[in-house]
Amino acid sequence: MKVSMALLILLLAAACTGSQGISFRSSRRPCCSKEMFHTRKIPEFRIQGYLHTASSCTHRAVLVKLLRGSVCVDPEQRWFQEYLRKQKKSNNTST
């Protein structure tokens, strides 16, 4: 009886921590409001990396990390699509 109660408590604790971990990770991704979007092309040498916003955000966006801060970009912009193609191409040739 004591063993089964201990296992039940352990399972409940694991379930609670697991669900909190998932919500914690999803809340770490910021969303971009329409006013936050950067509309001009960003030179490739300034881009340090990028992160797609969560699917739960109102606007689809990519958070582009620059040397000084980050900006929101529409992932459908032509210049960003070209940047992604170049990144994919350079990753394929470097392997």
Problem - Average projection area in nm² (convex hull over Cα atoms of the stretch 32-94, one quarter of hull surface) - result: 4.6
Practice task
Show which aspartates and glutamates lie in cross-link reach of Lys89 when reach means a straight Cα distance below 17 angstrom and same-chain residues fewer than eight apart are skipped.
Solution key: Glu44
Completion exercise
Ordering 35-46, 60-71, 75-86 by per-residue average of other C-beta atoms within 10 angstrom, highest first, gives 60-71, 75-86, 35-46
Problem - Residue among Tyr50, Val71, Asn92 farthest towards the positive dipole end of the stretch 32-94, charges placed on Cβ - result: Asn92
Problem - Mean separation of Cα contacts under 8 Å, 6 or more apart, over the residue count of the stretch 32-94: relative contact order % - result: 30
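Coordinate-derived values only; no laboratory data. Quick caveat: nothing in here was measured; it's all calculated off a predicted structure. Heads up, the Cβs are rebuilt from the backbone with ideal geometry, glycines too, and the neighbour counts pull from every protein chain shown.
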